[in-house]
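Q: Below you will find the structure I want to go over with you.
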Amino acid sequence: MPVLAFLGSVGLALVAMLFAANAMLPDNGAAIVVSGRIGLPEPWHPAPDPTSPPAFGPIPAPEMTSPAVIPTQPVSEDAITPAARTARAEAPPKKEKRVARQSTDRQQTQAHQNHTEQSSLVDRFSIRGQ
């Protein structure tokens, strides 16, 4: 209990010193004014630059007649010569590549081997056998 009495007396002394300091300080009567504004500031808008072009103007049409663009344009069916059409018709069809699949029993064997490897690692580091 002497600790609580000590803490109470020290706290009472500190509060008394606060009141004494407040009484000794001069009273200005006015609060410190930082600015005359009350509330949120107005949103910022940049000043328009008279030398810059308008932000949203008409979009120019793409130039599709340049020599670099002409070969990349698709060819219409009318532009294909009859000789090219017959050559295409006579050409043998392309062979599809088939992917060889593993048999299901081989997959099961591999899965069993993976499981036994995992269980041997677990057994190796476990304390079950001790």
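Q: Considering only residues that are in a helix (DSSP H, G or I) and under 37 Å from the mean Cα position of the chain (by Cα), which ones fall in segment 47-95? Even if it seems obvious, please write down each step before you answer.
A: Pass one, segment 47-95, residues in a helix (DSSP H, G or I): 70-72, 77-79, 82-90.
Once the filter is applied, which keeps residues that are in a helix (DSSP H, G or I) and under 37 Å from the mean Cα position of the chain (by Cα), segment 47-95 yields only Thr72.
Residue-wise test of (1) surrounded by 10 or more Cβ atoms within 10 Å (Cβ to Cβ); (2) at pLDDT below 80; (3) β-branched (Val, Ile, Thr).
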| residue | (1), (2), (3) |
| --- | --- |
| Ala21 | no, no, no |
| Arg37 | no, yes, no |
| Ala47 | no, no, no |
| Thr51 | no, yes, yes |
| Gly57 | no, yes, no |
| Thr65 | no, no, yes |
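The values are calculated or read from the model by the stated rules, or taken from the named source; none is laboratory data. This structure is a prediction, so every number in the text was calculated from the model and none was measured. With ideal geometry, Cβ positions are generated from the backbone for all residues, glycine too; neighbour counts draw on all protein chains shown.
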